[in-house]
Amino acid sequence: NGFIADSAITLGVGKISVEAQALLDVTRRALELAIDACRIGSRVGDVSATIQEWVESRGYEVVREYTGHGVGRTMHEDPQIHNWGKRNRGVPLRQGMTLALELMVTVGSPVLYIKRDHWTVATRDGGLCAHFEHTIAVTDGEPDILTL
């Protein structure tokens, strides 16, 4: 009916290193915590701070060039939802808002570059990166994960 959702997942192929598995686990958990923070009365900065605090407390970095965003009839609507931020800042979350929480977490430096194919994004230092994303709706209760 003309509405859009956005979702991403990072999967290990074959036997992956302990380091890679830990990165996937931390990033996936950060997304879970961010989803849980999407409550009426919270602010976008509360969601962003939740992500950053969890990720950095585990020794990882958040990518700053890409953000989560609102979704509806177009892909990238307001508000932008950064993977870093300060609590009690930004747009208040209201019932019915649909948001794509787009987490990108790195083992090393979060600085990225786009490869010659103009599509592939990689970390400048060659370190591992994980990307998980769900579209959620803010409700009067638990956030509703629309891309589950």
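Odds and ends about this structure:
- Distances between placed amide hydrogens fall under 5 Å for Asp6 paired with Thr135, all partners being 5 or more residues away or on another chain.
- Comparing Leu103, Leu11, Leu93 in a Gaussian network model of the chain where C-alpha atoms under 10 Å apart are linked, the largest mean-square fluctuation is found at Leu11.
- Which of Cys38, Cys129 is most accessible, then next, and so on - probe 1.4 Å: Cys129, Cys38
- Remark: accessible surface ordering of His82, His134 (largest first) is His82, His134, probe radius 1.4 Å.
- Helix 18-36 and the long axis of the chain differ in direction by around 10°, with both axes built from C-alpha atoms.
- Taking the longest Cα principal axis of the chain as reference, the axis of helix 44-57 is set at about 30 degrees.
- Built amide H within the under 5 Å cut-off of Arg43, gap 5+: Asn88, Leu93
- Exposure check, 1.4 Å probe, all protein chains in place: Asp78 carries approximately 130 Å² of accessible surface.
- At a probe radius of 1.4 angstrom, the accessible area of region 1-89 per residue rounds to 57 square angstrom.
- The listed residues Trp119, Trp84 rank as Trp119, Trp84 when sorted by accessible area, largest first, using a 1.4 Å probe.
- Carbon + sulfur, % of accessible area of the chain - ligands and nucleic acids excluded, 1.4 Å: 52
- By a 1.4 Å probe calculation restricted to protein chains, Arg87 has an accessible surface near 110 Å², given to the nearest 10.
- Net charge, Arg58 excluded, C-beta distance under 13 Å - Lys, Arg +1, Asp, Glu -1: -3
- Dividing the summed helix terms, -39500 (n - 2.57) for each DSSP H run of n ≥ 4, by the number of residues in the chain produces a 222 nm estimate of -7500 deg cm²/dmol to the nearest 500.
The values are calculated or read from the model by the stated rules, or taken from the named source; none is laboratory data. Computed from a predicted model, the values in this text were never measured in an experiment. Please note: Cβ atoms are built from the backbone with ideal geometry, for glycine as well, and neighbour counts cover all protein chains shown. Accessible surface areas use protein heavy atoms only, side chains included; no ligands, DNA or RNA. Shrake-Rupley method; radii C 1.70, N 1.55, O 1.52, S 1.80 Å.
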